[in-house]
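Okay, so here's the structure we're looking at.
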Amino acid sequence: MKQCTHVEALPHPEPVPLGETCPECLRDGTDPVQLRLCLTCGHVGCCDSSPNRHATEHHKETGHPVMRTHEPGEDWRWCFVDHVLV
């Protein structure tokens, strides 16, 4: 079973969200679907079900490896590098 090699390097406490919603969706006038929080810097981006996949784009641009859901009632994390739930 593949494991994430990045969780131990994440900041503690986790970063404060930089906003309430995806700023790129706001800029582009699109509706975000399922928000994600970057656990390195606090960027809030939309998931891959959104038209522009801003959380994944944020990872590609920055290399920040792990995000977590930013949806009420959900509690899970995803490592973009290792492609596993953490």
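Quick check on my filter: what residues within segment 48-86 are of a type in the set (Asp, Glu), in contact (Cβ under 8 Å) with a residue 12 or more places away in the chain and under 20 Å from Asp28 (Cα atoms)? The one that is of a type in the set (Asp, Glu), in contact (Cβ under 8 Å) with a residue 12 or more places away in the chain and under 20 Å from Asp28 (Cα atoms): Glu57.
Among the residues of segment 7-19, those identified as open to solvent by 100 Å² or more (accessible area, probe 1.4 Å) and more than 13 Å from the chain's Cα centre (by Cα) are Glu8, His12, Pro13. Does at least one position in segment 31-47 carry a residue that is open to solvent by 50 Å² or more (accessible area, probe 1.4 Å), small (Gly, Ala, Ser) and either out of contact with any helix residue (DSSP H, G or I) (no Cβ under 7 Å at 6 or more places or on another chain) or closer than 17 Å to Asp82 by Cα (or both)? No, the conditions are met nowhere in segment 31-47.
The values are calculated or read from the model by the stated rules, or taken from the named source; none is laboratory data. Keep in mind it's a predicted model, so treat the numbers as computed, not measured. Don't worry about glycine lacking a Cβ; one is built from the backbone with ideal geometry, like all the others, and counts go over all protein chains shown. What goes into the accessible areas is simple: the full protein's heavy atoms, side chains included, and nothing from ligands, DNA or RNA. Shrake-Rupley method; radii C 1.70, N 1.55, O 1.52, S 1.80 Å.
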